[in-house]
Amino acid sequence: MCCGGGLALAMMNDVASVQPAPHPLTALADHAERTPLGPNFEPEPEDEQPLYAARRKVYPQRVTGTFRRVKWAVLCVTLGIYYLLPFVRWARGPNAPSQAVLVDFPNRRFYFFFIEIWPQEFYYITGLLILAAMALFLMNAIAGRIWCGYLCPQTVWTDLFQAIERWTEGDRREHLQRDRQPWTFDRLARAGSKHFLWLMVAWWTGGAWVLYFADAPTLVRDLATFQAPYIAYVFIGLLTFTTYALAGWMREQVCVYMCPWPRIQAALTDEYALNVTYRYDRGEPRASLKKAAALHEQGLPAGDCIDCLQCVHVCPTGVDIRGGPNLGCIQCGLCIDACDAVMQKIGRPARLIAFDTDINIKRREQGQRPIYRILRMRTVLYAVVIAVVGVAMIYTLATRHNDAVSVLHDRNPLFVRLSDGSVRNAYTMRILNKSLEPRTFLLSVAGLSEADIDVIGSSSFSGSSPLIDVGPDQSREVRVLVTERERLGAGTSVPITFTIVPKAGGTAVSASDHFFGP
Ligand code: SF4
Ligand code: SF4
């Protein structure tokens, strides 16, 4: 059903449009929409909603407008990145993979364009997770669940699946009517086409996922010729199933019952966060155009809401935003588009539903100007944390060395006294050569007065420094023995520093530990 059709019905009659059984989360709102509400209308509290209810199918109606266009743009960009990114190439040199984004489990590397993360550098992933969490908190403090409405993968894929559904089964009214009729060849063909297209998208989604874990063009060829590792087929199957189930069947149930973010978000929000809000100060008491005219004739007030239910019919989660804040509302803004179209048709100002705050509704009711506070303690705090972590990560990435060394003292024994009275400590050392060339390193130790240093398995020296060869883009673990000839006092624990320097020249890197005596 088109927007104008529903609107015409609302204009002529009190509401008579076809709608599905009410969604459990909108039970309160449904009650509200049937009840004439006075100027003292207040949204009903969310905690009266049931903890769980069986799913009622939602038939979201097609809508056009600003927020719908933004959603299409975000959908195209995010899905385009997801499906095509594995095929983007990035030249790193002859001995390195040329895939721009690659999780290389066999060699324990993560490649992201010019960045190569080793397992020893997992703190970068920690930094990224902190940045992601803070960005989510900041988005929430500014504009509520904007992540849920536009960027969350569940929303993006569900949006795509709903578009396929409207394409194959028709828009809301047509689909509703068909679902009430007995099965015919036409109905079977439409439902079959829908599920086939859903499965194709789901399969493509699973296929794209595994391409991030191997060279994409090679893996595509191997998959097509059934020569790929069986685990690739297993993961494609798993992701095909989960995408089909989550985006095709479970949809808003995931947001309402499975995802923890709505609950966390509710605890993090405040009265200044922008949320999709029904401006009940302007909309109530709601009445159809005919009824509103009758009310005006009697000198009674009537709000701008004509109770046409267009905002409910376009909602992808089946929420009636006029009932107030709702756990099921993902803040996609499609009800704003629907209501704006209605307001335009009846010649009333747009944004009866808008991104707004409760505090502003109350201020307008009291004749005060609305206020918008983007800069608040929490938004500044989140922004500062993002800036500090971001700058720290960029600095460490820009200044990190091509080589690294770590050392671990033997736990037992801590030391060994040799027959000539000298004391020996043993260490396990790991040397990382992140360059794409084989390299030889000179090892030295500082902090002891008369120490000898030996590397088990290496007989090459440059002066008194043992030489250690490490292959390109590899790490090597060696056993190191440090022997101090000078007599040490009882209970000695001397801080020492191991240093490696590339033989061909380059920057020295160090690692610290202790040398223990008797
Ligand atoms: S809020 Fe707007 S779209 Fe929703 S019922 Fe009222 S007039 Fe119609
Ligand atoms: S109530 Fe409006 S903003 Fe919320 S999910 Fe429904 S259409 Fe989107």
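The values are calculated or read from the model by the stated rules, or taken from the named source; none is laboratory data. Just so it is clear, the model here is predicted, and its values are computed rather than measured. Glycine also receives a Cβ, built like all others from the backbone with ideal geometry; neighbour counts cover every protein chain displayed. Accessible surface areas use protein heavy atoms only, side chains included; no ligands, DNA or RNA. Shrake-Rupley method; radii C 1.70, N 1.55, O 1.52, S 1.80 Å.
Hey, among GLN162, GLN154, GLN120, which residue is surrounded by 15 or more Cβ atoms within 10 Å (Cβ to Cβ) and over 16 Å from the mean Cα position of the chain (by Cα)?
Step by step, each of GLN162, GLN154, GLN120 is checked, and only GLN162 is surrounded by 15 or more Cβ atoms within 10 Å (Cβ to Cβ) and over 16 Å from the mean Cα position of the chain (by Cα).
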Return yes when ALA350 is of a type in the set (Gly, Ala, Ser), surrounded by fewer than 22 Cβ atoms within 10 Å (Cβ to Cβ), more than 9 Å from ligand 2 (Cβ to nearest atom) and assigned to a helix (DSSP H, G or I) and no when it is not. no
Just to be sure before I move on: is TYR257 within 16 Å of ligand 2 (Cβ to nearest atom) and either at pLDDT 90 or above or open to solvent by less than 20 Å² (accessible area, probe 1.4 Å) (or both) in the structure I sent? no
Identify, from the list ILE468, ILE453, the residue that is open to solvent by less than 50 Å² (accessible area, probe 1.4 Å) and farther than 30 Å from GLU116 by Cα. ILE453
Please work out which one of (1) away from ligand 1 (no atom under 13 Å from the Cβ); (2) part of a loop (DSSP other than H, G, I, E, B) is the condition ALA294 fails and give its number. (2)
Tell me which residues, restricted to the stretch 319-332, are within 15 Å of ligand 1 (Cβ to nearest atom), touching a Pro at 6+ places or on another chain (Cβ under 8 Å) and part of a loop (DSSP other than H, G, I, E, B). GLY324, CYS332
Filtered residues of the stretch 68-100 (kept if at pLDDT 95 or above and among the basic types (Lys, Arg)): ARG68, ARG69, LYS71, ARG89
Using beta carbons and a limit of 9 Å, which pairs, at least six apart or on different chains, have the first residue in the stretch 379-400 and closer than 18 Å to TYR111 by Cα and the second one β-branched (Val, Ile, Thr) and open to solvent by less than 50 Å² (accessible area, probe 1.4 Å)? LEU397/ILE115
Among (1) more than 51 Å from the chain's Cα centre (by Cα); (2) open to solvent by 80 Å² or more (accessible area, probe 1.4 Å); (3) acidic (Asp, Glu); (4) modelled with pLDDT of 90 or more, GLU486 falls short only on (4)
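For the stretch 261-272, state whether one or more residues are in a helix (DSSP H, G or I) and within 24 Å of TYR59 (Cα to Cα).
Yes; the residues of the stretch 261-272 include at least one that is in a helix (DSSP H, G or I) and within 24 Å of TYR59 (Cα to Cα).
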Near pairs, Cβ below 9 angstrom, 6+ apart or cross-chain, from the stretch 124-149 (touching a residue at least 60 places away in the same chain (Cβ under 8 Å) and within 10 Å of THR269 (Cα to Cα)) to any residue that is among the acidic types (Asp, Glu) and not in a helix (DSSP H, G or I): ALA141/ASP270
Cβ pairs under 8 Å, 6+ apart, first in the stretch 347-358 and touching a residue at least 12 places away in the same chain (Cβ under 8 Å) and closer than 14 Å to ARG322 by Cβ, second near ligand 1 (Cβ under 10 Å from one of its atoms) and in a strand (DSSP E or B): LEU352/TYR278; ILE353/TYR278
So, CYS335, is that one outside any loop (DSSP other than H, G, I, E, B), within 9 Å of ligand 2 (Cβ to nearest atom) and at pLDDT 95 or above or not? yes
Got a sec? Which of ASP270, ASP304, ASP281 is more than 14 Å from ligand 2 (Cβ to nearest atom), closer than 29 Å to ALA53 by Cα and open to solvent by 10 Å² or more (accessible area, probe 1.4 Å)? ASP270
Among the residues of the stretch 376-398, are any under 30 Å from ARG479 (Cβ atoms) and either of a type outside the set (Asp, Glu) or in contact with a Gly (Cβ under 9 Å, 6 or more places away or on another chain) (or both)? yes
Hey, can you tell me all the residues within the stretch 195-219 that are more than 24 Å from ILE164 (Cβ to Cβ) and part of a helix (DSSP H, G or I)? TYR212, PHE213, ALA216, PRO217, THR218, LEU219
Of the candidates SER419, SER475, the one satisfying the condition of being surrounded by 14 or more Cβ atoms within 10 Å (Cβ to Cβ) and small (Gly, Ala, Ser) is SER475
Scanning for something open to solvent by less than 50 Å² (accessible area, probe 1.4 Å) and free of Cβ contacts under 8 Å to residues at least 40 places away in the same chain, does the stretch 403-410 turn up at least one residue? yes
